[in-house]
1. Which of 91, 299, 104 has the fewest other C-beta atoms within 10 Å, and how do the rest follow up to the most?
2. Placing unit charges on C-beta atoms (Lys and Arg positive, Asp and Glu negative, everything else neutral), compute the dipole magnitude of the chain about its Cα centre in debye, rounded to 20.
3. May I ask which of 108/314; 144/197; 108/144; 144/238; 34/108 have a Cα-Cα span longer than 28 Å here?
4. Give me log10 I(q)/I(0) at q = 0.14 Å⁻¹ for region 125-234, Debye formula, one equal scatterer per alpha-carbon, no solvent.
5. When only Cα pairs under 8 Å and 6 or more residues apart are kept, what is the percent relative contact order across the chain?
6. Would you please report the Å³ per residue occupied by the convex hull of the alpha carbon atoms in region 238-353?
7. What length, rounded to one decimal in nm, is gained on full extension from residue 152 through to residue 281, with 0.36 nm per residue of separation minus their alpha-carbon distance?
8. Rank 151, 236, 213 by mean-square fluctuation in a GNM of the chain with C-alpha springs under 10 angstrom and give only the top-ranked residue.
Amino acid sequence: MIPIRHPSLTKEHEKFIELVDELSRRFIEPVADKIDRENYYPREVIRELGKNGVLAPILPREYGGYGMDVLGTALSIEVISRYSGSMGILTEVQGFLVTDAFYTYGNKQMKEELVPKLARGELIGSFALSEPCCGSDAAAIETKAERRGGGEWVINGKKMWITQGGLYADVYIVFTRTGPKEARHRAITAFLVRRNKCIEASPIHVMGIRGTGTSELTFNDCVVGDDDVVGKVNEGFKIAMEALNLGRIAVASVTLGLSEAALTEALEWVRNRRAFDQPMTNLEWIQFQLADMMAYIETMRSIVYDAALHFDRKYEDYYAFASIAKLTAVLLGMDVIRRAVQLTGLMAFGAIVS
Ligand SMILES: Cc1cc2nc3c(=O)[nH]c(=O)nc-3n(C[C@H](O)[C@H](O)[C@H](O)COP(=O)(O)OP(=O)(O)OC[C@H]3O[C@@H](n4cnc5c(N)ncnc54)[C@H](O)[C@@H]3O)c2cc1C
């Protein structure tokens, strides 16, 4: 694999990269193919990463994390994604979207009892925001939470595209409408909902990022209490947006890791392949492709690490840099991967069935 080097990395980051790489080789590499081919959900891998503080590295060690900054967390997702993009997304959802949200906004009980179990991979957590009606326009969600006597709330509605949401989740952070639809983001509340018979799950067949347990969820009269409110009533939208700001960096890191793996494989292929009586690497067009891919990857690295540093240094406009990272890294990454497929010829397209 191409080395991960950058002037902003500390010795601690470098040591952490080695640990994540070693764990990825041990636990992810052997099942990476199975995740894609068989839509296999790697429950045991999540537990192993959790045991080592790599599932939610941004949390302090006493909460099951590794005490890393946002840059360190982005690095761990990048390294994991070199072995499996699906594992990168699973660690993003479990670490950034769910565990860190409960850690930052949850009450004492959520923080003390739930967060360490999520960080260690003993419990699986899902982030339930998107709905059949609305994804980009998250302020329009329709799932309702209605307050009734005795400090109880009743949740009804549908959620869509929920990673590890169906068969696997033990707990959910569910974003609900708690006021008129016209109030949009000002009437959205987040709740902790535990796995329960009131939640119906339908797996969704996906063509990429397989093995992540993507599901549609239906909440039928799910009863929760005042104690299950995450943060404050009608202030849930901010929790979702803050989690997704970190999530944008994570998605950019997944693309960076996948692009590095694609370049590594393509390079190995053209080094060993001969065409027109010479090694393919002698052909100038091939050299241009490899040079462009390397340049794009190093550009992605700078953009992603820069966005993470904006968070770590608490710059006011950190959220804009998270969006810039997601937008540009994904565009460049798709181009790197397209070129890797082209360089590898039909070997990127088919495999002999043994
Ligand atoms: C791998 C994966 C995992 C996911 N996991 C989760 C999860 O765990 N929990 C969760 O809640 N959600 C999850 N999602 C859902 C994801 O957040 C939504 O897919 C996303 O918000 C987009 O919503 P949508 O698919 O409904 O598209 P839409 O919002 O319907 O958008 C369709 C198209 O229109 C474009 N568009 C939308 N608005 C505008 C506009 N104003 N101007 C111009 N163009 C516009 C969009 O860019 C897009 O190209 C996941 C998605 C993926 C791909």
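Read-outs throughout are calculated quantities, based only on the coordinates presented, and are distinct from any laboratory measurement. Only a predicted model underlies this, so the values are computations on that prediction, with no experimental measurement involved. As a convention, Cβ positions derive from the backbone with ideal geometry for all residues, glycine included, and neighbour counts pool all protein chains shown.
1. Least crowded to most crowded, the residues run 299, 104, 91.
2. Magnitude of the dipole: close to 380 debye.
3. 34/108
4. So the normalised log intensities are -0.51.
5. So the answer I get is 17 percent.
6. Roughly 109 Å³ of hull volume per residue.
7. Taking residue 152 through residue 281 to full extension adds about 39.7 nm, to one decimal.
8. Judging by the Gaussian network model, the answer is 151.
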